[in-house]
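Have a look at the structure below before the remarks.
The values are calculated or read from the model by the stated rules, or taken from the named source; none is laboratory data. Quantities reported herein were computed from a predicted structural model and do not represent experimental measurements. Backbone-built Cβ (ideal geometry, glycine too); neighbour counts: all protein chains shown.
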Amino acid sequence: MNTYKLTLIALLSALAIAGRIATNAIPNVQPVTAIVILTGFFMGPLAAVLLAALTTFLSNMLLGMGIWYIWQVTAWALIGAAAGLIGKYFSTIPKWGLALFSGVSGLIYGLIISLTMYSYAGSFWAYYLAGLPFDLYHAFGNIVFITLLLPVFSRLFERYSRHALA
């Protein structure tokens with residue numbers, strides 16, 4: 001991994017952290033998942049996993065670190081790795097397909113967090129169903145963020161790929 005790629009990952013992490021802080025007042029609506037998906041799609045699974053780990057650690061240092069931290073990293077890393085595989089094998093996926101994937105990713109993120117946190121809540125179904133509206137907010141937010149960010153990020157990553165190949 002070259003310096004240019006690491007710098008771009010750091011910049012994207014700063015953008016994701018700023019977005020997470022800016023949208024902190026809206027429950028479960030934040031651009032981190034969308035940025036991780038776009039990074040994985042355009043830069044590959046490893047870049048998305050690094051972005052997920054860096055963003056989660058740094059944003060949780062500002063917003064609060066807890067027992068959920070490792071599961072947030074795990075969920076975002078799995079989503080980013082899946083997006084990286086989609087980008088590798090289906091690079092011509094339409095905008096609506098990536099938006100649909102991001103919506104499903106919001107639900108998967110919530111499921112992973114619920115699976116790991118239910119032991120503290122006592123009952124999986126009660127914990128999961130109580131959190132389902134927030135997972136739907138996350139899914140809807142992801143679709144909105146992908147729709148807004150995809151045109152900008154596609155140009156950014158196009159420049160990245162031109163520079164990386166030069």
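Okay, here's what the table says:
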{"item": "All positions within region 52-69 that are over 20 Å from L8 (Cβ atoms) and either free of Cβ contacts under 8 Å to residues at least 12 places away in the same chain or buried (at least 18 other Cβ atoms within 10 Å of the Cβ) (or both)", "result": "M61, G64, M65, G66"}
{"item": "Wholly enclosed helices (runs of 4 or more DSSP H) of region 1-118 bearing at least 3 residues closer than 23 Å to A130 by Cα", "result": "69-89"}
{"item": "Verdict on L46 being modelled with pLDDT of 95 or more, within 14 Å of the chain's Cα centre (by Cα) and either surrounded by fewer than 18 Cβ atoms within 10 Å (Cβ to Cβ) or of a type in the set (S, T, Y) (or both)", "result": "yes"}
{"item": "Scan of region 1-41 for residues that are crowded, with 24+ Cβ neighbours inside 10 Å and either on the phi > 0 side of the Ramachandran plot or of a type in the set (G, A, S) (or both), ordered by number", "result": "S13, A16, A34, G40"}
{"item": "Filtered residues of region 70-99 (kept if buried (at least 22 other Cβ atoms within 10 Å of the Cβ) and polar (S, T, N, Q))", "result": "Q72"}
{"item": "Y69, sole failed condition from (1) of a type in the set (S, T, Y); (2) over 11 Å from the mean Cα position of the chain (by Cα); (3) modelled with pLDDT of 95 or more", "result": "(3)"}
{"item": "Some residue of region 128-142 being part of a loop (DSSP other than H, G, I, E, B) and either surrounded by fewer than 19 Cβ atoms within 10 Å (Cβ to Cβ) or out of contact with any Lys or Arg (no Cβ under 6 Å at 6 or more places or on another chain) (or both)", "result": "no"}
{"item": "Whichever residue in region 100-122 is among the hydrophobic types (A, V, I, L, M, F, W, C) and surrounded by 20 or more Cβ atoms within 10 Å (Cβ to Cβ) and, among such residues, is modelled with the lowest pLDDT", "result": "I113"}
